[in-house]
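Q: Please see the structure below; I have some questions.
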Amino acid sequence: AKLWISGGGVHTTVPPSDIVASTSPFERKIYNTHVIIDSDGQIKAYYHKVHLFDVSIPEIDLRESNTTAPGKRLVVCDSPFGKLGLSICYDMRFSEMYVDLVQRGGAEVLLMPSAFTVPTGKAHWHTLLRARAIESQCYVLAAAQVGQHNEKRQSYGHSVVYDPWGGLVADAGGYDGAGLSGVIESQMDAPSVRVPSIIMSEIDLDKLASVRERMPIQQHRENSSFSYRGMD
């Protein structure tokens, strides 16, 4: 089919040499891994999720670190449609990671496969993704799980594409309704798509270059210098 595949996150074995601490000599953890497979069926790149989701509050007690080891490096790989910056789900809350993917790695397309809960999805999903697109001046492609997994777990959905200006290009819909199919968010009469659905979008690297040329925030970031002074 001559397709490139972004697969994530998938569980991969952590070598014993990578495990720093262990509660048992037989404990084995996994990496939460984002894999890029090229059109020849070869693994082009892989990234281990850096930021693990640990939370303990009255409503929920979840520690991803109990079973998952954190990755230690960022990954950008070349592709026919631009340089791909890899991340997974909870990573998107850490903007400094994407600054590094762009400034040091030259990323042009940010891939963020995810499984957001319904409450966090409603509150933050679109806001976080649009912010990452605007500040990095990249395309953001975020594939999202949707629907009921079991009695206790439900995912928000809304696989989306944002362009480097922060415009919503495509939305596959999710828990709270249908999304948009290949249209801009300002088009109120845009056709809706069923949930779940498959969406397609073009990656226009000329548009990306134009956005970066007309508002050179990456250059300005490189040239900036500041310090912190506390108040007495």
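The values are calculated or read from the model by the stated rules, or taken from the named source; none is laboratory data. Fair warning: this is a prediction, and the values are worked out from it, not measured in the lab. Because the Cβ atoms are built from the backbone with ideal geometry, glycine has one as well, and the counts that use them run over all protein chains shown. The protein model used for the area step is the full one, side chains on, heavy atoms only, and it has no ligands, DNA or RNA in it. Shrake-Rupley method; radii C 1.70, N 1.55, O 1.52, S 1.80 Å.
Q: Could you list all residues from segment 91-110 that are surrounded by fewer than 21 Cβ atoms within 10 Å (Cβ to Cβ) and either on the phi > 0 side of the Ramachandran plot or under 8 Å from the mean Cα position of the chain (by Cα) (or both)?
A: The first filter runs over segment 91-110 and keeps only residues surrounded by fewer than 21 Cβ atoms within 10 Å (Cβ to Cβ), leaving 93-97, 99-100, 103-106.
Passing the criteria: only GLY106.
Q: Right, next: What are the pairs with Cβ atoms under 9 angstrom where one residue, in segment 139-155, is within 30 Å of ILE203 (Cβ to Cβ) and without any contact (Cβ under 8 Å) to a residue 12 or more places away in the chain and the other, located anywhere, is of a type in the set (A, V, I, L, M) and assigned to a strand (DSSP E or B)? Sequence gap at least six, or different chains.
A: Correct list of pairs: empty, since none qualify.
Q: What number goes with the only condition from (1) open to solvent by less than 80 Å² (accessible area, probe 1.4 Å); (2) in contact with a Phe, Trp or Tyr (Cβ under 9 Å, 6 or more places away or on another chain); (3) at pLDDT 95 or above that GLU64 does not pass?
A: Among (1) open to solvent by less than 80 Å² (accessible area, probe 1.4 Å); (2) in contact with a Phe, Trp or Tyr (Cβ under 9 Å, 6 or more places away or on another chain); (3) at pLDDT 95 or above, GLU64 violates only (3).
Q: Also, quick follow-up: Considering (1) hydroxyl-bearing (Ser, Thr, Tyr); (2) part of a strand (DSSP E or B); (3) surrounded by 13 or more Cβ atoms within 10 Å (Cβ to Cβ), say which one SER39 fails and leave the rest.
A: The one condition SER39 does not meet is (2).
Q: Also, I was wondering about something else. Name every residue in segment 118-132 that is open to solvent by 30 Å² or more (accessible area, probe 1.4 Å), touching a residue at least 24 places away in the same chain (Cβ under 8 Å) and over 24 Å from PRO164 (Cβ atoms), in order of residue number.
A: Result: THR120, LYS122.
Q: Output the residues belonging to segment 116-163 that are closer than 29 Å to GLN218 by Cβ and acidic (Asp, Glu).
A: Matches in segment 116-163: GLU135, ASP163.
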